[in-house]
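Before any comments, here is the structure.
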Amino acid sequence: MQEGNIVVKVCMGTGGIAAGGTAVVSAFREELETAGVSASVEKNCTVHNVGCRGFCARDVLVDVIVDGEKTTYEYIKSDMVSRIVEEHILQGRPVEEWVVKDDYHTFHEKQVKVVLSDCGEVDPEDIESYVNRGGYAALSKVLTTMTPEETIGLIKASGLRGRGGAGFPAGLKWEFARKAVGEPKYLICNADEGDPGAFMDRSIIEGNPHSVIEGMVIGAYAIGASKGYVYIRAEYPLAVERLKIALDQARRKGVLGDDIEGRGFDFDIKIKLGAGAFVCGEETALIASIEGNRGMPRAKPPFPAQKGLWGKPTVINNVETLANVAYIVRNGADWFAQFGTEKSKGTKVFALTGKVKNSGLIEVPLGISLREIIYDIGGGIEGGRELKAVQTGGPSGGCITAGMIDIAVDYESLAKAGSIVGSGGMVVMDETDCMVNIAKYFLEFTQAESCGKCVPCRIGTKRLLEILERITDGRGRPGDVELLEKLSNDVRSASLCGLGQTAPNPVLSTLRYFRDEYEAHIHEKRCPAGVCKNLLTYSILEEFCKGCTMCARVCPAGAIVGEKKKPHKIIEEICVKCGACFETCKFKAIKKG
Amino acid sequence: MTVSITIDGRTVKVREGATILQASRENDIYIPTLCDDPRLEPYGGCRLCLVQIKGMARPVTACTTPVSEGMIVETTNEEIENLRRTIVELLLSDHPNDCMICEKAGDCTLQELAYFYNLRENRFYGERRQYAESDGNPFIERNMEKCILCGKCVRVCNEVQGVSAIEIAYRGFSAKVCPPFEKDLDCEFCGQCVSVCPTGALMGKLSMGKGRQKDIEKVESVCPYCGCGCNITLHVARNEVIRVSSRPDSLNEGWLCVKGRFGFKFNSSPDRLKHPLIKRNGRFEEASWDEALDYVAQRLGEIKEKHGADAIAGLSSARCTNEENYLFQKFMRAAVGTNNVDHCARY
Amino acid sequence: MQETLEKILRTYHENEGNVISLLQEIEESFGYLPEEAINWFSEQLDIPPSRFYGIATFYSQFHLKPRGENIITACCGTACHVKGSERLINSLMRELQIPSGEDTSEDRKFTVEKVNCVGACSIAPVVIINKEVHGKMTADRLMKEIRKIK
């Protein structure tokens, strides 16, 4: 065997680690070491940690590459490693039963990877592995052959739009800051990814932090910034750690800090840890937070590009936006613009989750149909149930119904349907999901995250939530639907920042498409999806009940009575409607309704 | 530099850099506000001053938006009034409905807005913030259930007074103005916060239960405490000063210190000196002004005769005006003949 | 305590910190924000304690009361929500006998808190037990994990 011809890559994103990735890596190290005593395998083998490759539901994913031939294993546990080493690495026979099946490949087939192209390939803790795949070449190109104006022109020509939510053209933002008067200028990377259901920013930083750093340095050169910040959630400890390592390595390599690549350009990046406030994803609140204050937004104008951090011109770009930059510079604006639609260029990373078979992180060209995402990439709905709706854009977004499954996923089409691309959360829901409950869930979130500065958001979201609570509790009143609609519109128009302005979207969009569901809750005191606890009753179908006593044992309230081997009974007054019996019963003898 | 803008169909010239709210006020166009105070930094929190600008998708707050050449502003229309109405209604849904016994009734901006928007019913009644604690400090009654989070008290304490005794704590519906760790207020008690509060959340303890707005007679005066000469307005009910305020258009811009604002009890104190006293046989006895002045003049003359003018020294007071202090040193130098004259504020 | 405070103060000056980073250091060192610590820094740095308090109560990362020895964080992101995180939390509260409205058990052994999406949606529902991420959690498995540290 030749040196380096065996490579083992273990997925070590948050998903991989949670599934036992650390143990798998050390098991490989140990096994190889033991085996290597006689077979010199150890010397030839390297075990890489790689970042998230998207398909976290199958973790731990392991690539074993022998002589350039890659075999991917799924659901690997540490106790399975010895067999892989023994059979595959030592004897050259892959362990077929653990190798990924066809759906692993279909998951990847329709994807187009730009931002994620190196995630899962490079070792995020080693700058050289990024450089070997062409990393930092874009930076050299910009510094040696392009003026800042040309750089901005290139990004404008590519059509790259902000990937954080609003979709503002990135090149234009840079141009505003370039032209703004004031020194120093700042570039902030917004990694305060807070939308529940979105985790692309975390994965990008965990998987390929240098792509973000390279994008930031190029951006800083373009706008003339000398200082940068990455504002990142403290809830992402692994991403923070990898970013720190990456920043140190970048400084040592001379692609960050003073006199970058000897071109007389200075730019350094500091990490600022968020302290847990969703509203800090809003530009002006984020700035307040970096300045060490309560993260309360302020009115715009002036926009941060004119007056931002410490009153100086500031650009705030989202992680994914910045991660695109180096690839655009490397491959050209036309290359990037070939993906996507007329107005929505490039690819977008989505976090596909919920009731879909293959959940994970996917990158697709904008304009792809929702059907392709859900059925081709996602493999369809879990448990063979029916698709009901797809929630996109998180708490600021809305729902796309099953009937609109052929919609093109881009900024304009989703907006037209009453939703948004947002940061890219995509939660798939089936007929067992109650849309009123989903609206309530999002309102709970935004209401708890409202900063409290402006009245419509502080009290308005509270009142919206109260109305939704009473509807789902069976205390809904006639007129509540109209009141929800009215208040939602007012909160949307009158709120100070994006949080309040978009908080009613989940309500408005579910009202638009699932009004009958609201009405069933209010007028018939019925939850069609069978989710809202107070509107449910559980009963036992005598003809199916075998008297196995399982339900009585799991009931936390002691509401189920009956003799062994005889039909049981639920005492309604005591029942807390937790549904434990329903899920435990093997004979489908419990009726929910 | 001026720019010309159109507000509600009227084209007006306003200074560059002014906000829409300032421009409207300068032209007598009314826009309701709760969180604005021209003396403080704009906040944009209450959202009542929303106006429509032609070409902009959503309404903007007049208090934070600067004017620009050719801007066309609408300060009132059905949509805007509808939003304002919802905002006031939301505020009232989280506000104790006790105007009948509230000290602020008749002088309360929220009450006034409720009146103008005719908000008798409320579509949004729900959970209301309830705070049990009361603040044991001697001067400021804090009733945070009535607070509408306009942030004026916090801003005045920080921007004007430089004390930062209070801050908005928590967030969202639970947001609350309070001293650190929600203890009793422990500050200078300048009461600036009380003076800017648009509702009954902050009131002077000394004035509680002393009289309704309609019974109050306002008397303009000058604060007697120091040489600053702050303009004050005495609120008098039943021949008693029950509160002191100051007009924002006064030379002191309406700002007062603890003494000027809360130190008015002496005015009706039975111990207050109303006549000169002369000590005779070890006891102070009431005397007439003529008698007292004659006595002082006579004694000064005697001392000067016997020990020379430099045996006499004069100490003046910071509570006197500049003019009075000038006269006093003149008197010491020219009439008494000594340079021994000084002033309490020198140290 | 004094020594720790001095050390935090030095880092603050070295790293040009701000009130938030300072509070993060205090929280990291003590597990919560002791009042004395805040008052001490307020004096040292001439920053009004009200500012510390305002910030400490704004961000959910900060705690003004000591927390339990074991911290169990249940993710309440959308994916976890639709996969039943609510049920997990309820069973946790019951198992650990945490009074309603509180987040810490009376013996201060356990604190249960909710967090907005930890970004591990594909392995929902997620529970973090003492910083270790557990995915695809079920009530049964959760109880087993809890009993291990109980």
Practice prompt. Before rounding to the nearest 500, sum -39500 (n - 2.57) across all DSSP H runs of length at least 4 in chain A and divide by the residue total; then give [θ] at 222 nm in deg cm²/dmol.
Written response: -11000 deg cm²/dmol
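With contacts defined as alpha carbon pairs under 8 Å and 6 or more residues apart, what's the relative contact order of chain A in percent?
Numbers: 1272 pairs, mean separation 67.1, N = 593.
Dividing the mean separation by the residue count of chain A yields 11 percent.
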Practice prompt. Can you work out the PRE-style zone for B:Glu217? Point 7 Å along Cα to Cβ, and I want the residues of the range B:238-271 with backbone N under 18 Å.
Written response: B:238-245, B:267-269
Fill in: Heavy-atom accessible surface that A and C bury in contact, both chains counted, 1.4 Å, Å² to 100
3300 Å²
Practice prompt. Apply the Kirkwood formula to chain A: the hydrodynamic radius equals the inverse of the mean of 1/r over all pairs of different alpha-carbon atoms; give it in Å with one decimal.
Written response: 26.0 Å
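Can you figure out the FRET efficiency of B:Ser4 with B:Arg123, using R₀ = 41 Å and their beta-carbon distance, to the nearest 0.05? List each step's numbers first, then the result.
Numbers: r = 41 Å, r/R0 = 1.01.
Calculated transfer efficiency: 0.50.
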Worksheet item: With all protein chains present, how much of the accessible area of chain B (probe radius 1.4 Å) comes from carbon and sulfur, to the nearest whole percent?
Response: 52 percent
Fill in: Cα centroid of the range A:519-549 to Cα centroid of the range C:60-126, whole Å
28 Å
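Please report the net charge: other residues with Cβ closer than 12 Å to the Cβ of A:Glu283, K and R +1, D and E -1.
Values: positive: A:Lys173, A:Arg298, A:Lys300, A:Lys307; negative: A:Asp192, A:Glu282.
With Lys, Arg at +1 and Asp, Glu at -1, the net is +2.
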Fill in: Listing of the range A:267-290 residues, each with accessible area lower by at least 20 Å² in the full protein assembly than in the chain alone (probe 1.4 Å)
A:Lys270, A:Lys272, A:Leu273, A:Ala275, A:Gly276, A:Ala277, A:Ser289
Worksheet entry | Positions from the range C:68-96 whose accessible area shrinks by 40 Å² or more when the full protein complex is built, not the chain alone, probe 1.4 Å | C:Thr78, C:His81, C:Val82, C:Lys83, C:Arg87
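Might you report the magnitude of the Cβ-based charge dipole of chain C about its Cα centre, with Lys and Arg at +1 and Asp and Glu at -1, to the nearest 20 debye? Present the calculation step by step, with values, prior to reporting the outcome.
On the way: 18 positive and 22 negative charges, 214 e Å.
Approximately 1020 debye in magnitude.
In Å², rounded to the nearest 100, what is the total accessible surface buried by chains B and A against each other with a 1.4 Å probe?
For B against A, buried area totals roughly 2700 Å².
What FRET efficiency, computed as 1/(1 + (r/R0)^6) with R0 = 22 Å and r the Cβ-Cβ distance, is obtained for A:Asp79 and A:Val7, rounded to the nearest 0.05?
Numbers: r = 22 Å, r/R0 = 1.00.
Once rounded, the FRET efficiency stands at 0.50.
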Worksheet entry | Alpha-carbon centroids, the range A:247-315 and the range A:363-403: separation in whole Å | 34 Å
Worksheet item: Per residue, how many Å² of accessible area does chain C show with a 1.4 Å probe?
Response: 48 Å²
Worksheet item: Where in the range A:74-104 does the label zone of A:Glu30 land, with the point 7 angstrom along Cα→C-beta and an amide N cut-off under 12 Å?
Response: A:78-82
Practice prompt. Rank-order A:185-194, A:489-498, A:407-416, A:19-28 by packing density, defined as the average count of other C-beta atoms within 10 Å over each peptide's residues, highest first.
Written response: A:185-194, A:489-498, A:19-28, A:407-416
Discussion item. Taking 37 °C and 0.692 mPa s as the conditions, I'd like the Stokes-Einstein D for the range B:217-316 in µm²/s, using the Kirkwood hydrodynamic radius from alpha carbon pairs.
Written reply: 195 µm²/s
Discussion item. Straight-line reach from A:Lys564: which lysines fall under 27 Å, measuring Cα to Cα and dropping same-chain residues less than 8 apart?
Written reply: A:Lys546, A:Lys577, A:Lys586, A:Lys588, A:Lys591, A:Lys592
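Taking the solvent-accessible surface of protein heavy atoms with a 1.4 Å probe, what is the per residue accessible area of the range A:88-154 in Å²?
Numbers: 3000 Å² over 67 residues.
I get 45 Å² per residue for this part.
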Practice prompt. Give me the percent of the accessible area of chain A that comes from carbon and sulfur atoms, probe 1.4 Å, all protein chains in place.
Written response: 50 percent
Worksheet, complete the sentence: Over chain B, the sum of -39500 (n - 2.57) across DSSP H runs of at least four, divided by residue number and rounded to 500 deg cm²/dmol, gives at 222 nm -6000 deg cm²/dmol
Item to complete: Report the normalised scattering of the range C:70-149 as log10 I(q)/I(0) at q = 0.12, 0.14 Å⁻¹, calculated by the Debye formula with identical scatterers on the alpha carbons.
Response: -0.28, -0.38
Discussion item. Probe radius 1.4 Å, ligands and nucleic acids ignored: give me the carbon and sulfur share of the accessible area of chain C as a rounded percent.
Written reply: 45 percent
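What is the magnitude of the charge dipole of chain B about its Cα centre, with +1 placed on the Cβ of each Lys and Arg, -1 on the Cβ of each Asp and Glu, and no other charges, expressed in debye to the nearest 20? Don't skip to the end; give the middle numbers.
Working: 45 positive and 48 negative charges, 70 e Å.
Its charge dipole is roughly 340 debye.
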Discussion item. Counting just the Cα atoms, what span does the range B:70-146 cover along each of its three principal axes? Round to the nearest Å and put the largest first.
Written reply: 53, 30, 20
Worksheet, complete the sentence: Counting only protein heavy atoms and rolling a 1.4 Å probe, one gets per residue an accessible area for the range B:2-76 in Å² of 44 Å²
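For Cα pairs less than 8 Å apart in space and 6+ apart in sequence, what is the mean separation divided by the residue count of chain B, i.e. the relative contact order in percent? Don't jump to the answer; show the numbers that get you there.
Details: 544 pairs, mean separation 35.4, N = 347.
Across chain B, relative contact order equals 10 percent.
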Practice prompt. Subtract the Cα-Cα distance of B:Gln130 and B:Lys265 from 0.36 nm times their separation in residues, and report this length gain in nm to one decimal.
Written response: 45.3 nm
Worksheet entry | Cross-link pairs beyond the 26 Å C-alpha cut-off, checked among B:Lys274/B:Lys304; A:Lys110/A:Lys244; A:Lys569/C:Lys150; A:Lys348/A:Lys486; A:Lys300/B:Lys13 | B:Lys274/B:Lys304; A:Lys110/A:Lys244; A:Lys569/C:Lys150; A:Lys348/A:Lys486
Response to the item:
When all Cα-Cα pair distances of the protein assembly as shown are considered, the percent exceeding 61 Å is 20 percent
Discussion item. In the range C:102-150, what residues drop by 30 Å² or more of accessible area when the other protein chains are put back, versus the chain on its own? Use 1.4 Å, and skip ligands and nucleic acids.
Written reply: C:Asn116, C:Cys117, C:Val118, C:Gly119, C:Cys121, C:Ser122, C:Ile123, C:Val133, C:Lys136
Worksheet item: Could you give the alpha-carbon Rg of the range B:213-270 over 2.2 N^0.38 Å, rounded to two decimals?
Response: 1.08
Worksheet entry | Net +/- balance of residues flanking A:Arg475 in space, Cβ distance below 11 Å, scoring K and R +1, D and E -1 | -1
Fill in: Distance from the range B:126-162 to the range B:179-206 (C-alpha centre basis), Å
6 Å
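The values are calculated or read from the model by the stated rules, or taken from the named source; none is laboratory data. Note that the structure is predicted; figures quoted are calculated from it, not measured. No Cβ is skipped: glycine too gets one built from the backbone with ideal geometry, and neighbour counts run over all protein chains shown. The protein model used for the area step is the full one, side chains on, heavy atoms only, and it has no ligands, DNA or RNA in it. Shrake-Rupley method; radii C 1.70, N 1.55, O 1.52, S 1.80 Å.
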